[in-house]
Amino acid sequence: MSILIVEKLTKTYGDKTLFNQLSFTIEPKQRIGVIGINGTGKSTLLKVLAGIEGADNGKLIHANDFHVEYLPQQPQLDEQLTVLEQIYYGDSQIMRTMRAYEQAMITLEQQPNNEELQKQFLRYQQEMDQVEAWEANTLAKTVLTKLGITNFTAKIDTLSGGQKKRVAIAKALIQPADLLLLDEPTNHLDNETIEWLEGFLAQYTGSLMVITHDRYFLNRITNQMFELDRGNLYQYEGNYQTYLEKKAEREEQESLQESKRQNLLRRELAWLQRGAKARTTKQKARIQRVEALKEDKTETIVRDFDFAIGSKRLGNDVIELQGVTKRYNEKTLINQLDYLIVPGERLGIIGPNGSGKTTLLNILAGRVPVSEGYVKIGETVKIGYYTQEDEEINGDLRVVEYIKEVAEVVHTIDHQVITAEQMLERFLFPRSMQWTYIRRLSGGERRRLYLLRVLMTEPNVLFLDEPTNDLDTQTLTVLEDYLEQFPGVVVTVSHDRYFLDRVVDHLLTFEGNGVVERFQGHYSDYLEKKRQEAAMRSATEKVEKEQVKKGPRKKLSYRDQKEWEGIEDHITELEEKLVKIEEDISSAGSDFGKIQDLMKEQQKLNDELEKTMERWEELSLLVEEMES
């Protein structure tokens, strides 16, 4: 039985139609990913479903006790509440009880000898028992802790922007809801937290609808995809991978239909141009049919780069850092960094928020001075820099005018000329949109336009600072295709796993206290290495504690010796099984039950691998001890 039926939903802004009579249903435990280029109305759809915005026409049909929980991109929290007060909001009995219990506990801690407060606290404890709120209370604190919030009594106004977003996520996750709406939940979350969130949502009891640019996340948690495209809704059964396959089939079919329409139009025009002896009724009907064929044109958007954009000639000397140190007050962000960027380099810069990634990019661009050392930039270097900050854009300019301010054409490697209009098409601005005033664009559309303006300068060194925070999945795919054929240097700051895996082949990693290290390989390889190191450290600490208790050991037992001889093969076997399960999850499509079973098996194998790694470390230390 459907939990929500949406009938003929229509929404316009001025003369722009976001939704054109959308109809769909949402079933229990459905996991829907919503995608579409910026400006198509993805966030507006979620707001309409949440009751925050109204629609021009259409109906939402659901039960009277139907409850929606909504996480916006920019959450609005009550600055004067504590963390726990903020997440225990709502009028449900369980939420009221948890609010009262937590407040009573805080008050009692301040006045522990007050008998009246003690009685009140016991009364709320009994109410927690009656409404069975202990599990929800534990869940809330677990969710907060996993999201990196450990001070539950802190006031909201004392938290950073990233911490506020995490509190808002926790608030959305713990509220009882039939439908959970999440708008870009992974923005500003580190990879470990994103992986935890994937696992949490896999066990979520309600239905959910999510907008995200994180394609790994989208692939792992969804079993249906909604694509908004020029006012229409296209539905695909399956996850993101399945969507890509089915969308390719749909676009191929549309292309075939357009080809047939063009052929029919040519035949009709040829007939009319031959001239008829008399203006018969049949002739008039033909003219009307030609007009109808002209109007029936399906506007297509060119999404693929079938040419390699050129760039200004780049010599052998690009950028060299020697002993670069950067301090702000007493804090050292970068300490004695030596690095040489060479032609053709594809470099990713990663690390926690506030660690200095953007500062390093600004140093490479010559925008920020160093505290020590020097930066040498080659004479032929021409930098194109896509920054996090919004560039001031004149809203009275039209889209094509803004691009032509930089260049009216760009050149391919083989000296073909590509016009500004053609580049706009490839960055998802169709001809019909190119004379739109910029002030009428959405925030995401402006960011896409700004990106294209940077690329139109034909740089030979391209810097990208967190491009995935503002760009939709389609634009990111276009950008990745562009970078694949880009002949110059690419340096990007990003936390997006999919984007980094596609675009870069080695990393600079901020490890804290000014330490910046190089890692050769993709981002997924780096994350796997960090997981193994964490398991090794945990195992070593455990063994060392046991050694202190037991004292030195002279030799392995027969059982330990046999285990030592086969343990590395067992680790390899477990790792191969995990790779296979990852492939099975990706190919499971819309079979959500199968995905849940696979994820449970994946968790068991991860636990077994972690224990086996700990045991390997324990045995290896014993072997080393005997050999020494």
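The values are calculated or read from the model by the stated rules, or taken from the named source; none is laboratory data. Worth saying up front: this structure is predicted, and the values here are computed from it rather than measured. Cβ coordinates were reconstructed from backbone atoms using ideal geometry, including for glycine residues, and neighbour counts include every protein chain displayed. Note: areas computed on protein heavy atoms with side chains; ligands, DNA, RNA excluded. Shrake-Rupley method; radii C 1.70, N 1.55, O 1.52, S 1.80 Å.
Residues in segment 319-333 that are open to solvent by 90 Å² or more (accessible area, probe 1.4 Å) and more than 16 Å from T358 (Cβ to Cβ): how many?
Our first condition is that a residue be open to solvent by 90 Å² or more (accessible area, probe 1.4 Å); within segment 319-333, this holds for 327-331.
Adding the requirement that they be more than 16 Å from T358 (Cβ to Cβ) leaves 329-330.
Count: 2.
Being open to solvent by 10 Å² or more (accessible area, probe 1.4 Å) and within 25 Å of K16 (Cβ to Cβ): is that true of M433 here? Criteria met by M433. When L147, L139, L122, L108 are checked against the criterion of being hydrophobic (A, V, I, L, M, F, W, C), at pLDDT 85 or above and either open to solvent by less than 90 Å² (accessible area, probe 1.4 Å) or in contact with an Asp or Glu (Cβ under 9 Å, 6 or more places away or on another chain) (or both), a single residue qualifies: L147.
From R453, R439, which residue is under 27 Å from V493 (Cα atoms), part of a helix (DSSP H, G or I) and more than 20 Å from the chain's Cα centre (by Cα)?
Details: R439 fails: under 27 Å from V493 (Cα atoms).
Of the residues listed, the single one that is under 27 Å from V493 (Cα atoms), part of a helix (DSSP H, G or I) and more than 20 Å from the chain's Cα centre (by Cα) is R453.
Scanning segment 156-173 finds no residues that are assigned to a strand (DSSP E or B) and either at pLDDT 85 or above or open to solvent by 40 Å² or more (accessible area, probe 1.4 Å) (or both). Taking segment 178-197 as the range and being open to solvent by 10 Å² or more (accessible area, probe 1.4 Å) and either at positive phi or modelled with pLDDT of 90 or more (or both) as the test, the residues that pass are D178, E184, H188. Candidates in segment 330-367 are the residues that are small (G, A, S) and in a loop (DSSP other than H, G, I, E, B); of these, the one that is nearest to E480 (Cα to Cα) is G344.
Going by the conditions given, is D65 open to solvent by 30 Å² or more (accessible area, probe 1.4 Å) and closer than 30 Å to L424 by Cβ? Answer is no for this residue.
Out of the residues in segment 456-483 that are in a loop (DSSP other than H, G, I, E, B) and not charged (D, E, K, R), which is nearest to R230 (Cα to Cα)? I'd like the intermediate steps shown before the answer.
Here is the first cut: in segment 456-483, the ones in a loop (DSSP other than H, G, I, E, B) are 457-460, 466, 470-472.
Remaining after also requiring not charged (D, E, K, R): 457, 459-460, 471.
Details: T457: 29, P459: 32, N460: 34, L471: 17 Å.
Within segment 456-483, the match that is nearest to R230 (Cα to Cα) is L471.
In the set G58, G14, which member is of a type outside the set (S, T, N, Q), touching a helix residue (DSSP H, G or I) at 6+ places or on another chain (Cβ under 9 Å), at pLDDT 90 or above and more than 29 Å from N219 (Cα to Cα)? Please lay out each step first, then the result.
Numbers: G14 fails: at pLDDT 90 or above.
Testing whether each residue is of a type outside the set (S, T, N, Q), touching a helix residue (DSSP H, G or I) at 6+ places or on another chain (Cβ under 9 Å), at pLDDT 90 or above and more than 29 Å from N219 (Cα to Cα) leaves just G58.
For segment 230-262, a residue qualifies if it is in contact (Cβ under 8 Å) with a residue 24 or more places away in the chain and either among the hydroxyl-bearing types (S, T, Y) or closer than 20 Å to F217 by Cα (or both), and the qualifying residues are Q235, E237, G238, N239, Y240, Q241, T242, Y243, S255. The residue of segment 230-285 that is nearest to the chain's Cα centre (by Cα), among those that are of a type in the set (V, I, T) and modelled with pLDDT under 65, is T281.
Among the residues of segment 448-471, which ones are closer than 27 Å to T193 by Cβ and open to solvent by 10 Å² or more (accessible area, probe 1.4 Å)? Passing the criteria: E466, N469, D470.
If you take the residues of segment 25-43 that are basic (K, R) and open to solvent by 20 Å² or more (accessible area, probe 1.4 Å), which of them is farthest from T212 (Cα to Cα)? Reasoning before the result, please.
In the first step, residues of segment 25-43 are kept if they are basic (K, R); the result is 29, 31, 42.
Filter again for open to solvent by 20 Å² or more (accessible area, probe 1.4 Å), leaving 29, 42.
Values: K29: 19, K42: 10 Å.
Going through the qualifying residues, I end up with K29.
The number of residues in segment 575-593 that are of a type outside the set (S, T, N, Q), open to solvent by 60 Å² or more (accessible area, probe 1.4 Å) and modelled with pLDDT under 75 comes to 1. A count restricted to segment 208-232 and to residues that are surrounded by fewer than 20 Cβ atoms within 10 Å (Cβ to Cβ) and either in contact with a Leu (Cβ under 9 Å, 6 or more places away or on another chain) or under 23 Å from Y89 (Cβ atoms) (or both) stands at 2. Filtering I438, I383, I413 for residues that are surrounded by 17 or more Cβ atoms within 10 Å (Cβ to Cβ), touching a helix residue (DSSP H, G or I) at 6+ places or on another chain (Cβ under 9 Å) and farther than 20 Å from T475 by Cβ leaves a single hit, I383.
Pairs are defined by a Cβ separation below 8 Å, a sequence spacing of at least 6 or placement on different chains, a first member in segment 504-527 that is part of a strand (DSSP E or B), and a second member that is basic (K, R); the pairs so defined are H506/R346; H506/R518; L507/R518; L508/R518; T509/R518; F510/K357; F519/K529.
Just one of E389, E421 is open to solvent by 10 Å² or more (accessible area, probe 1.4 Å) and part of a loop (DSSP other than H, G, I, E, B); which is it? Quick ask: steps written out before the conclusion?
Values: E421 fails: part of a loop (DSSP other than H, G, I, E, B).
Going through E389, E421 in turn, just one is open to solvent by 10 Å² or more (accessible area, probe 1.4 Å) and part of a loop (DSSP other than H, G, I, E, B): E389.
Can we say E116 is farther than 30 Å from Q21 by Cβ, open to solvent by 30 Å² or more (accessible area, probe 1.4 Å) and among the charged types (D, E, K, R)? Step through it out loud before you land on a result.
Values: farther than 30 Å from Q21 by Cβ: yes; open to solvent by 30 Å² or more (accessible area, probe 1.4 Å): yes; among the charged types (D, E, K, R): yes.
So E116 passes the test.
Of the candidates F519, F486, F499, the single residue that is more than 17 Å from T468 (Cα to Cα) and surrounded by 21 or more Cβ atoms within 10 Å (Cβ to Cβ) is F486. Looking only at residues in segment 211-225 that are outside any helix (DSSP H, G or I), over 8 Å from the mean Cα position of the chain (by Cα) and among the β-branched types (V, I, T), the one that is farthest from L181 (Cα to Cα) is T222.
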